[in-house]
Structures are given as structure tokens and as C-alpha cells.
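A short worksheet on the structure shown next.
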There are 2 protein chains.
Amino acid sequence: MKTAITPTRAENFSEWYQNLIVAADLAENSPVRGCMTIKPYGWAIWELMRDEMDKRIKACGVQNANFPLLIPIEFFNKEAEHVAGFAKEAAVVTHYRLKMIDGQLQPDPDSCLTEPYIIRPTSETIIGEAMSRWVQSYRDLPMKLNQWVNVMRWEMRPRMFLRTAEFNWQEGHNVFATHEEANVDARKMHRLYADFMEQVLAIPVIMGEKTPEERFAGADHTYTTEQIMQDGKALQAGTSHDLGQHFAKSFGIQYQGIDGKLAYAWTTSWGTSTRMMGGLFMTHSDDDGLILPPAVAPYQIVIIPITRDDTADALNKYADDLGDKLRAAGIRVLVDTTDMRAPDKMWKWIKRGVPLRVEIGAREMDAGTVTVTRRDIGRDSKRVIGTDELIATANDILRDMQRDMFNAASARNKTMIHDVDNLDALDAALGAGKIGFFRIKYDLTTVAAFDALMEKYKITRRCLDDADPEYVFVAKSY
Amino acid sequence: MKTAITPTRAENFSEWYQNLIVAADLAENSPVRGCMTIKPYGWAIWELMRDEMDKRIKACGVQNANFPLLIPIEFFNKEAEHVAGFAKEAAVVTHYRLKMIDGQLQPDPDSCLTEPYIIRPTSETIIGEAMSRWVQSYRDLPMKLNQWVNVMRWEMRPRMFLRTAEFNWQEGHNVFATHEEANVDARKMHRLYADFMEQVLAIPVIMGEKTPEERFAGADHTYTTEQIMQDGKALQAGTSHDLGQHFAKSFGIQYQGIDGKLAYAWTTSWGTSTRMMGGLFMTHSDDDGLILPPAVAPYQIVIIPITRDDTADALNKYADDLGDKLRAAGIRVLVDTTDMRAPDKMWKWIKRGVPLRVEIGAREMDAGTVTVTRRDIGRDSKRVIGTDELIATANDILRDMQRDMFNAASARNKTMIHDVDNLDALDAALGAGKIGFFRIKYDLTTVAAFDALMEKYKITRRCLDDADPEYVFVAKSY
């Protein structure tokens, strides 16, 4: 069977993904090493995700602010684990002027900075410095801040959405008086991320704590939400960190308690990024292109009038009217009256994953009917219904689709999570080419053998099992 | 009379402005040279401005996208005027890794980039490169793109909101088949900016074209919206550029016409930034702090229960209920039930410019009344009204205030725009310490004398008069 995307997922998942991004017009590699350009259709998806996430974050009493893009190296250097974790991928600003020298435009040597800056890979340090001034008394706590910004981590093996040198994200930074409050907060934001992914992106997640080796550089606990892609690989999509007093001590975030005594505060940080879009695309799409959950679809319905020359005007007007009625029901609708051929339009919007396709021909217009097709089911869902029925039930159809997509992904995940009794069983399963997540007892006495197996199959520890933290999930990962 | 901000505007406008920013908790200077941190209250104002501007831009058929932060120097160098205009303030990224050398963390010499990047000061170049690939045929035109991003221009004399090394803005970039369409578009976005400032920010603007000397580096025409601050100085707040074919030719943006022939396209670009916030603050505020137009006030109404110990619970609950009713009317409300003293709360929200202050004491609660005060008028507007009346009329009060603030600023502007007949008259007026905008015939035969006068009084050409482009406005400026 001919598919819109070649190769298919089964043939070459990785190439399929690259071609999907192109076919759905989401993004492209830019002339800047490791950086992508997010095209309008991709950015429209991100805006929907961002607005919904922002609403949920604000509902937790978090306020948005905006901190500088550049970080003085001395700040960055204050927390030892942090700098060790990020120094190897930091973009460094060393000059502030260009000059034509020998016919070539280059950094003006006279503009060399005595203290270079790095472009933020994350902002614990510069926000920590601000908080050390903003937090004075227990009355200032908790202090909850977030920012939606771009960050940069020089990536050697970039991949669109999944791993790019520059990416867009939100990073939240909260301060508390006690460790308990901070830890509760880190877990609360962890839960918020999981809810967002499940309810909005229709992606079931595995929640758990990272093992010490996989923690954020400078955290006491890192909580992660792991997604399982269709090829069985893991995608870490959102993390929340209990930072203990690492940053409070490095930056002097202290508060005067009710008792009048000065004490170090406890901080958390938590972030989700455009990386989630990679997870969204790799979880739901098929060999014909993108499939978007209605909640984050820029157009939830596309109306395609199938015109002949003699009926075009009337039909286009009819389609426009129907579009307005569906918009009045709160639905994002595109009426495609461009001069492309109808089958080309159809394929364009299939590839772009519009949840519901509505086609109208002249005869249907006269009969007061339309043909609707759900993108996730395809031709088996194709049916002719009354225009009025569509208007009355469109929101239900979209809600059903949102739920069905989550259920389908959950059902697939179940087939991809495997319990293994011991390292030999894990070795056997991986050796036999089994894909997915493997749940195994995390026996610290066999770490060396564990590591050898991870090296052999290029798998990593994803997280401890929240239900029983003596077990760990391991998988290949993005 | 004691004022909340010292010095007052009359005593020292410039210091007053700095202290206003602190008193209203809007922003602070950051440890990064020339960069500010925008605090939650300031950022909340920006979010309201951004969302409204975004809506208006999208209504013009413009789509948002996201282009890289970094620009290869070779791109930047392709348009001669452009590079001359921006090279002197470009932050340059030269390394991609840090290393501990002699006990000091510094750029790793082994990570030196053969082609350095600059942090975008504006994105005509990198977007031009993309458009050269995206635009193929007349069917692709017009192409209308915008992005909301941070940019960087190394500033030697930074000033919060008005002139910072890093700032947030939207930059629109449109492509057309003909020069006429491009010019119409540049003027249309110019008008959109003026409408936004007048309708949303309540700031009357002077619209006009920049003289050749003041044009954007690489434009054929630059249209500007100039605001008049309370000290008579000009603030350029939004510009729209007809770029002719400068960037189309530098980057090869060509399209195949209906006739099958390849032709260079015509481009525009247009931007507004966080700088507008400086104009907002300097236009409306007074010696007691900020005054926010309701359209961009994070809280349009603050309710302050004036509690005694025995009535606190009932009164706070009453205030919360009133808050909910006003929210149901679509108003952004804060009920301040913190444990500050009532007069301290009052001054806090006066300084932060909340449009309408509502105070309730126990006796008023019993009588079903509240005391309301409009921030722009102050004590003369203080009156006791029924709670039901407040709920019924709050939107009207806010709408009146929005209009009155615009009218007040317009009336003041009228006193600040002066017609002068010739350079001698201009010299006399400025010598006598007159402030504001001076409108004078732009006589190209006397440019040398004109320039000498501009140098003498540190004034600049702001723009030609749209009503009669033989005249030019000159003024001191931010």
C-alpha cells in the first residue's frame, strides 16, 4: 500500500520521523549548527501547548518573570555539580562588536569581554542570585517564578525537536522555607506535567524518580515523566527537581524565620520544552503523516469543498457558513477554498494531522449532508451525516477522538513494558530484539554487571518505578 | 506635599523614572551588563500588551514562527547598510565549551568556532535566507511572518525598558510581489501600531516617516510612531520598514510570476518591543507612582478590606465575594487580604498604578457600600457607592478611565508641539528652555545649519509630518 510518508515507521523509524516533520511542514534545520526553524504550523501547535501549560502553572500560584539570556561565568561556576554538568555544551559570548579586518567581518579584538558570558543552558544560577536579594523573610515564601524563554546547549548530535542546540521551554523556580515543602512542590509539578501530557497531548507517561546517575546536575531528587515512542524508545519529556539547598547555599538564598533566625531556603526547578512536540509527533503519527490530538490541533476541523467550475461559488459560500457555525461552537476550523485540487487538499491535511476532515460536494450541499473522516481511524470512520448533526456533535466527536488517542497509546504502551526477573533475563530479551521498557529490580550489588549490559545494548536507566522504587525501568532512549 | 516617589517629576524626571520602576516593582538592573530582569508585575503588563498585539497582528493574516537566536556572520554581512548599522553593537559567540584552565573556568580554546555567530539584533538576514527557499511562486505571496523573541544590541548607556542590551519584541517580516503592496503593508502595520498605542496604551502618537538619516539600516522607508513623554522628550516606540528589494536581492528572494518569469520580491519588517513599556510608564505616571490604563493593568481593581480583629473574617469573606462578582463581569481583580496594614496596602497599590481602588470597612459592609477611588484622579474621585452599583458600573468606570487617560495625554501633547518658522526661531525657543516637539519646514538647503542646531541642543529629527511631509518634527529624545 502506498503511504504518504516513506520510508514507513516499520521500515526506518528514524527516517520516517525526519520526513514526517517535512511532510507536515512543522520545522526545518536552519543554517545555524544544531538549531531548527519552527515553521508556522509547528509554532501554532506550540502556542496551544504553551498557553494551556501556562494556565495550569499559573493556577499553582506561580508568576511569570523574565531573566537575562546571558549568565556571567562566575555565577555558573558557583555550584560545582551544575557547572560540571553543563560546561561542556555552553555557547560563550566573548566580544560585543564586529569589525572589518583584512576585508573580513570578525569580532573586534578591542571589544573582548574581560568576563565572558554564556548563553543560559538553564537559569538556576542567575535566578538564584536574584532570589538571594528578593527573599528576606519567611513572609516572602513560598516564592514561585516561571519564565518562557529560549535556552542553548551545544548538541553534537542534533535532531529536530528532540535535541536541538537552541530550544524553547518554560523553567519554573520555586523557593520554600522547608525541605518538605520543596519536595512536595517538586512532586506536585511532576504530577502537573504528567497530567498535561496525558490530558492535553494524549500521551500516557511513566512517572518516577531518576537514579542518582541520571539526576539533574545540582539536584537531590529529579522526578521525570517518560514517554514510550512507537519504536519502543523512551523520551524524557519533563523533569522536576528537588534542589535541596545546593543553590540556596551557593547563592546565599536565606530568610529570617518567625523565630528571627536566618536560615537557608530550599529550592526546586522544573521544566518542559519544545522537546515534548517530538514526543507528540512520534507517539501519535502514522505512515500517512501527523495525527494531532484535538486539544493541540491548530485546526481541529478542515472543511474541503469539492468544487466543479459551475458550483464553486455556491459551495465555497456554503462551506464558509458551515465553518462559521462550527467556530461558534468553539472549534478551530479551516475552510480550504484555495485553488488546489481536492485530492491534493485532502492529502495536505491528512499529512498535517487535522483531527476531523469534512468534505462537501454539490450533491451533498443540496442534500444537507457532509462526509466526515476522523484522522486517527481513517477510511473506516468515513460517514455521511447531516450538516446539523455535525454542528451539534462536533465537540463530542473531537472529545471522543482525544480520549481514543490516549487509550490507543496506553494500550500500545502496555505491550511495551516488560517485567524481567534478573540481568540474564534482560540480556536474553534484548538479545532477542525485544523493544520497549524493561522493569527490573535495582540491585546495587550488581551495578557493574548492570552497567555492562547497558553499554552492550545502549540502554539507560529511565527512572525508578513510583509504585515500587526498588524497581527501575531501563530502555533505549532519545 | 509628600509624594510616594522622590524626587518628583519636576525635580528630576530621570531619577523619578528610575525610582518609579523600583517603587512599582516592575524591573531591576541585572548583574549582566545592560540587561534588566523584568519582575512579575512588570511581566504581567507585558503579557497583556503582547497578547493584544498578537491578536491584532494575526488578524492581518500574519502567522507566528520561530527563527534561530544566532546569526552566522556571513549572513549578517550580506546587506551593506544593515551590517554598518548593527555591527557596532553585536554580541558575538565564539566558543561552544568551557574548561577549567589554571583554576579558572574559561572558554575552551579547542572549542573555538571557525565561523562565529552573533546574537540576533534583528532577524531580516536569517529570515531572508529562509524566505529565499520558501518563496517560489507568486502563489506563495504575500508571505507574512512574525516572531516574539529576545534580541540583543550592546548598549553603552542602558536604561531600564528604554534601552537595554537584551530586549523582548515582536518582529514581523512580510514578502510581496510588488513594491506597491509592500509599501501599503508597511503603512498598514504602522497604522496598526499607532492604533494599539492609542487604544490600548492610551498614548497619543505622532505618525510619520523618518528622514533618510534616521532610517533603519537597509530600508527604503521607515515609518515611525513617536510618543511625547511628560518631560517633552520623544520616544520612538514602533517602526515599520519598507525594505524595497535590499534583502530580497541580498538573499535571493525570488518568485516565478504568472508570466513564468523570475522576479525579486519586495519585503517589509516591523517591530515593537518592551521599550513601549517605558513609554507607558513615562506617559501616565505621577509623583505617587504608576498609573496604568485599565486595558493593560494586571489588576484593574484592587479590593482592600479595612479590617479590625473582630471583623476580619467576615469582611475578608465579603471582599472575596465581591471580587468574584467583579471577576464574573470580566474584570481582573485582586482582593488584598494579606496581613499588611490597610494604609500600607493602599500605598502599595497606588504606587503600582491599579486603576480602581475599592475600600470596605465593617460599617460599609453592613450598609452595603464601598469607597472607590480612581488612580488617575486620586482623592477628588473618591466616593461611596452601593456595592451593587459598583458591580453594575465597574466596566463603565474602567472604560471612562481608559478614555480620560488618552484625552489627558492628548491635551498635554498639544501644549508640547510647537510650530517654528525658521531655524532662528527654533534656536530661540530651545535657548529659552522650551520643551517638546518642534515642527519646522525641512529645508534641504540649510542642512548644515540644521545639523549645527541639533548638535547644540542635542535634538534629533523625529519624523516628517504625515500631514505635510515638507515639515519635520525635531525633539530631544530617549
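The values are calculated or read from the model by the stated rules, or taken from the named source; none is laboratory data. Bear in mind the structure is a predicted one, so any value in this text is a computation, not a measurement. Note: ideal-geometry Cβ built from the backbone for every residue, glycine included; neighbour counts use all protein chains shown. Surface accessibility is based on the protein's heavy atoms, side chains included, excluding ligands, DNA and RNA. Shrake-Rupley method; radii C 1.70, N 1.55, O 1.52, S 1.80 Å.
Per-structure values
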quantity	calculated
Members of the range A:29-47 found to be open to solvent by 20 Å² or more (accessible area, probe 1.4 Å), modelled with pLDDT of 95 or more and more than 8 Å from chain B (Cβ to nearest Cβ), listed by number	A:29
Residues that are within 11 Å of another protein chain (Cβ to nearest Cβ) and part of a strand (DSSP E or B), drawn from the range A:115-143	A:115, A:116, A:117, A:118, A:119, A:143
Strands (runs of 3 or more DSSP E) within the range B:334-430 that include 2 or more residues open to solvent by 70 Å² or more (accessible area, probe 1.4 Å)	B:383-386
Residue in the range A:441-450 that is in contact with a helix residue (DSSP H, G or I) (Cβ under 9 Å, 6 or more places away or on another chain), in contact (Cβ under 8 Å) with a residue 60 or more places away in the chain and closer than 23 Å to residue A:411 by Cα present	no
Boolean, residue A:287 is in contact (Cβ under 8 Å) with a residue 60 or more places away in the chain and within 30 Å of residue A:360 (Cβ to Cβ)	yes
Some residue of the range A:91-110 being buried (at least 22 other Cβ atoms within 10 Å of the Cβ) and within 21 Å of the chain's Cα centre (by Cα)	no
Inter-residue pairs, beta-carbon under 7 Å, first in contact (Cβ under 8 Å) with a residue 12 or more places away in the chain and in the range A:101-127, second open to solvent by less than 10 Å² (accessible area, probe 1.4 Å) and small (Gly, Ala, Ser), 6+ apart	A:118/A:90; A:118/A:91; A:119/A:91; A:121/A:90; A:124/A:218; A:124/A:269
Considering residues of the range A:157-168 that are open to solvent by 20 Å² or more (accessible area, probe 1.4 Å) and touching a residue at least 40 places away in the same chain (Cβ under 8 Å) only, the residue nearest to the other protein chains (Cβ to nearest Cβ)	A:168
Identity of the residue in the range A:6-28, among the hydroxyl-bearing types (Ser, Thr, Tyr) and more than 17 Å from the chain's Cα centre (by Cα), that ends up surrounded by the most Cβ atoms within 10 Å (Cβ to Cβ)	A:8
Given (1) open to solvent by 10 Å² or more (accessible area, probe 1.4 Å); (2) over 23 Å from residue A:42 (Cα atoms); (3) of a type in the set (A, V, I, L, M), index of the condition residue B:143 fails	(2)
Enumeration of residues in the range A:48-74 that are more than 7 Å from every other protein chain (Cβ to nearest Cβ) and part of a helix (DSSP H, G or I)	A:48, A:49, A:50, A:51, A:52, A:53, A:54, A:55, A:56, A:57, A:58, A:74
Options B:175, B:184: the member that is among the hydrophobic types (A, V, I, L, M, F, W, C), more than 18 Å from the chain's Cα centre (by Cα) and within 14 Å of chain A (Cβ to nearest Cβ)	B:175
Which listed residue, of B:214, B:181, B:226, B:198, is acidic (Asp, Glu), in contact (Cβ under 8 Å) with a residue 60 or more places away in the chain, under 21 Å from residue B:43 (Cα atoms) and surrounded by fewer than 24 Cβ atoms within 10 Å (Cβ to Cβ)	B:198
Single residue of B:87, B:80 found to be open to solvent by less than 50 Å² (accessible area, probe 1.4 Å), within 26 Å of residue B:248 (Cβ to Cβ), free of Cβ contacts under 8 Å to residues at least 40 places away in the same chain and touching a helix residue (DSSP H, G or I) at 6+ places or on another chain (Cβ under 9 Å)	B:87
Flag if residue B:458 is open to solvent by 70 Å² or more (accessible area, probe 1.4 Å) and on the phi > 0 side of the Ramachandran plot	yes
